[in-house]
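Some notes on the structure that comes next.
What follows is calculated from the coordinates using simple rules that are stated; it is not laboratory data. As the structure is a computational prediction, the values presented were derived from the model and not from experiment. Glycine also receives a Cβ, built like all others from the backbone with ideal geometry; neighbour counts cover every protein chain displayed.
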Amino acid sequence: MTRETIARGMDRKLAVQSLFDELSPGYDSTGIDFFGVIARTLVEYARLREGSTVVDIGCGAGAALIPAARAVGARGAAVGIDVAAGMVERAQRAVEELGLENVEVRVGDAEAPAVEPGSVDAIVGSLVVFFLPDIEAALEAYARALVVGGTLAFSTFAGDDDWTPLDETVTRFTPSPPAAEEEAWFESRDEIRAMLEAHHFHEVAIEEVRHEVSFPNAPAFHEWSWWTGWRSTWLAVPAEQRDEARAAADEYLRSLAEPDGSIRLATAVRYTRTRTN
Ligand SMILES: C[S@@+](CC[C@H](N)C(=O)[O-])C[C@H]1O[C@@H](n2cnc3c(N)ncnc32)[C@H](O)[C@@H]1O
């Protein structure tokens, strides 16, 4: 890795941290079951065992951390790590409100979780790994953290769903559309498998699920999206064109509307589960 690549990675990490810190007050709290359904499906897919230790990388407000803590039970332990302090506070609050005593939440880097080598039975990450600038370093760290035969399970977007045209509709208004990711290792099953197998993992299982996420109407979509990573898509549109971009998005959303006006967005999610050698 060159010095420039490392510097670019650090810049990306800082940008992600500050974005999610800004989003943390309203993230996943507008009553739309988007992150929750994906996180619960991931936790089920991870096949966590009662009494085991699980680390949730990029835990956000706790969408996967909480079901993971319940799955491992009082004899087990769940640790949530997030780079954004605001998200850690949200997750901590949720854990306290639910009275879960087997959970610890801390600020940390998902690329290098600070845990004892060989001390973790499973690592889960819902909609996180594509934010990591150095996935190879992250996989090396996960292999060190996990017990032999430990599980790594994560969710990523699979594309080819209602989000692609929506994204294209809005990014048409961006002066220079965001540059393509350099390392799109998560964009196909084969690439994911190859990446994992090159870094101490085997028995790779991958499944794709189409979740229908329902918004009561277009304004509800806009409110929700403003409190997700989508905020950066809206902010990339020059201020004077944002109304036009929103109108174009509304037109697309209307094309998906049900007779009662609700909008169902098909979201294709890829679930990956693998084990250390
Ligand atoms: C799309 S959110 C998903 C949050 C949560 N897993 C969920 O399903 O709702 C991505 C999360 O990953 C976190 N994140 C991104 N890069 C990270 C890194 N390098 N280390 C730790 N957390 C990171 C962000 O702060 C954010 O909370």
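For the range 118-187, GluC sites (Glu not before Pro) meeting the loop criterion (DSSP other than H, G, I, E, B) and having at most 12 other Cβ atoms within 10 Å: GLU181, GLU182. Here the contact order of the range 1-159, divided by its residue count and restricted to Cα pairs under 8 Å and six or more residues apart, works out to 24 percent. Relative to the longest principal axis of the Cα atoms of the chain, helix 3-23 runs at roughly 70 degrees. Over all other residues within a Cβ to Cβ distance under 12 Å of GLU140, the charged ones net out to -2, with Lys and Arg as +1 and Asp and Glu as -1.
Based on the alpha-carbon gyration tensor of the range 87-199 and its eigenvalue square roots a ≥ b ≥ c, which shape applies: rounded if a/c is under 1.5, prolate if not and a/b is larger than b/c, or oblate? Oblate, because a/c is 1.5 or more while a/b does not exceed b/c.
Of all DSSP beta bridges confined to the chain, the antiparallel ones make up roughly 50%.
Stretching SER214 away from THR174 to a fully extended chain increases their span by 11.7 nm, per 0.36 nm per residue minus the current alpha-carbon distance. What the phi angles of the range 160-172 give under the Karplus curve with 6.51, -1.76 and 1.60, with θ = phi - 60°, is a coupling list of 6, 9, 6, 7, 4, x, 5, 4, 5, 4, 7, 6, 4 Hz, glycine and proline written as x.
Grab the other residues whose beta carbon is less than 9 angstrom from that of LEU256, score K and R as +1, D and E as -1, and report the net. So the environment of LEU256 carries a net charge of 0.
Here, the chain is characterised by an Rg to Rh ratio of 0.96, where Rg is the alpha-carbon radius of gyration and Rh the Kirkwood radius. 3J(HN,Hα) along the range 51-58, derived from phi through the Karplus expression 6.51 cos²θ - 1.76 cosθ + 1.60 where θ = phi - 60°, amounts to x, 8, 9, 10, 10, 9, 8, x Hz, with x in place of Gly and Pro. Counted by Cβ distance under 13 Å from ALA64, the other residues give a net charge of -2, where Lys and Arg count +1 and Asp and Glu count -1.
Rounded to the nearest 10 degrees, the angle from helix 35-46 to the longest Cα principal axis of the chain is 30 degrees. For the range 42-104, the set of trypsin sites (Lys or Arg not before Pro) satisfying both a DSSP loop assignment and a count of at most 12 other C-beta atoms within 10 Å is given as ARG47, ARG75. Karplus-derived 3J(HN,Hα) values for the range 209-221, using 6.51 cos²θ - 1.76 cosθ + 1.60 with θ = phi - 60°, are 10, 9, 9, 9, 9, 10, 10, x, 6, 5, x, 5, 4 Hz; glycine and proline are entered as x. Near the amide H of ASP56, within less than 5 Å, lie the amide hydrogens of VAL79, GLY80, ILE81, VAL124, all on another chain or at least 5 residues away, with H placed in the peptide plane. Can you give me the C-alpha center-to-center distance between the range 208-238 and the range 262-277, rounded to a whole angstrom? Computed from Cα coordinates, the inter-centre distance equals 17 Å.
Compared with the dominant principal axis of the Cα atoms in the chain, helix 242-255 is inclined by about 80°.
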